[in-house]
Amino acid sequence: VYIAEGAEVSCQIMRTLDIVGEKWSLLIVRDLLRGSSRFSDFRESLGVPTDVLTARLGTLVERGIVEKRPYREDGARERHSYHLTPAGEGLRGVLAALIEWGDEFDPAPRGAAARVVDAETRAPVSLGYFTEDGTRVTAIAIAPGPAATKPW
C-alpha cells in the first residue's frame, strides 16, 4: 500500500512498524532490556554492521524510544550510552508477546533462550487480556476504531 509522504496514517500497526519494524531495532531494545547501554555492547552482542547500528540507534532516539546520555571514561573522548524511555519500556510487552509466539509456533530444538517471568518472584507468567472488571478473555478480535477509513 502506497502512503503519500506527509499523509496521516491511522493504522497503529503501520505506524509502529515504521519505528520498530526492522529486526535490528527490536534486537537493540531487547539488549537494552537486558542491561546493555553502549554502542560497543550492541555491536558485539548483535554482530550488526556499524552503519546499520548507527542508523537504527538514530531512529530509536529520534522517535523517542531511546535517549542518549553522554559519558567519558578517564583519558577517552566523550561517548554516549543509550537508555530506554517510557515508550521504549512499553515495548517490553511486545517482546514478551514475540517470545510467547515463537515458543508456541516456532520452538527452538534445544528449548527457549528466554522466558517471560514475574520481575520480582521470577515465576513464569503469560500474556493475557482482561475486561474492565478483571475477567480474563480467552479470545480477542480486532475491530474497527473511530479512525477507521473503511468498514471491515
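Using just its DSSP H runs of length 4 or more, each adding -39500 (n - 2.57), the chain gives a mean residue ellipticity at 222 nm of -11500 deg cm²/dmol after division by all residues. Pairs of Cα atoms nearer than 8 Å and 6+ residues apart set the relative contact order; for the chain it is 16 percent.
Here the 3J(HN,Hα) profile of the stretch 66-72, calculated from phi with Karplus coefficients 6.51, -1.76 and 1.60 at θ = phi - 60°, is 10, 10, 9, 10, x, 8, 9 Hz, Gly and Pro shown as x. The overall shape of the stretch 1-101 is prolate: from the C-alpha gyration tensor, with semi-axes ordered a ≥ b ≥ c, the ratio a/c is 1.5 or greater and a/b exceeds b/c. Comparing mean-square fluctuations of Glu89, Glu100, Glu73 from a GNM of the chain with C-alpha springs under 10 Å, the top value falls on Glu73.
Would you mind telling me which residue in Arg110, Arg15, Arg63 has the biggest mean-square fluctuation in a Gaussian network model of the chain, where springs connect alpha carbons within a distance under 10 angstrom? With Cα springs under 10 Å in the chain, the top fluctuation among Arg110, Arg15, Arg63 is at Arg110. Residue by residue, the stretch 142-152 carries 3J(HN,Hα) couplings of 10, 10, x, x, x, 9, 4, 9, 8, x, 9 Hz when phi is fed to the Karplus relation 6.51 cos²θ - 1.76 cosθ + 1.60 (θ = phi - 60°); x denotes Gly or Pro. Dividing the Cα radius of gyration of the stretch 29-152 by 2.2 N^0.38 Å, with N the residue count, gives 1.38.
3J(HN,Hα) along the stretch 46-63, derived from phi through the Karplus expression 6.51 cos²θ - 1.76 cosθ + 1.60 where θ = phi - 60°, amounts to 8, x, 7, x, 4, 5, 5, 4, 4, 5, 5, 4, x, 5, 5, 5, 4, 8 Hz, with x in place of Gly and Pro.
Using a Gaussian network model of the chain whose springs link C-alpha atoms within less than 10 Å, name the residue from Ala114, Ala139, Ala96 with the highest mean-square fluctuation. Result for the chain, Cα springs under 10 Å: Ala139 fluctuates most. Where a ≥ b ≥ c are the square roots of the eigenvalues of the C-alpha gyration tensor, would you call the stretch 98-152 rounded, which needs a/c under 1.5, or, failing that, prolate if a/b is larger than b/c, or oblate? Because a/c hits 1.5 or more and a/b fails to exceed b/c, the stretch 98-152 counts as oblate.
Distances between placed amide hydrogens fall under 5 Å for Val66 paired with Val61, Thr85, all partners being 5 or more residues away or on another chain. Relative to the dominant Cα principal axis of the chain, helix 92-105 is inclined by about 70°.
Taken together, the values in this text are just the output of simple stated rules run on the coordinates, not laboratory data. As the structure is a computational prediction, the values presented were derived from the model and not from experiment.
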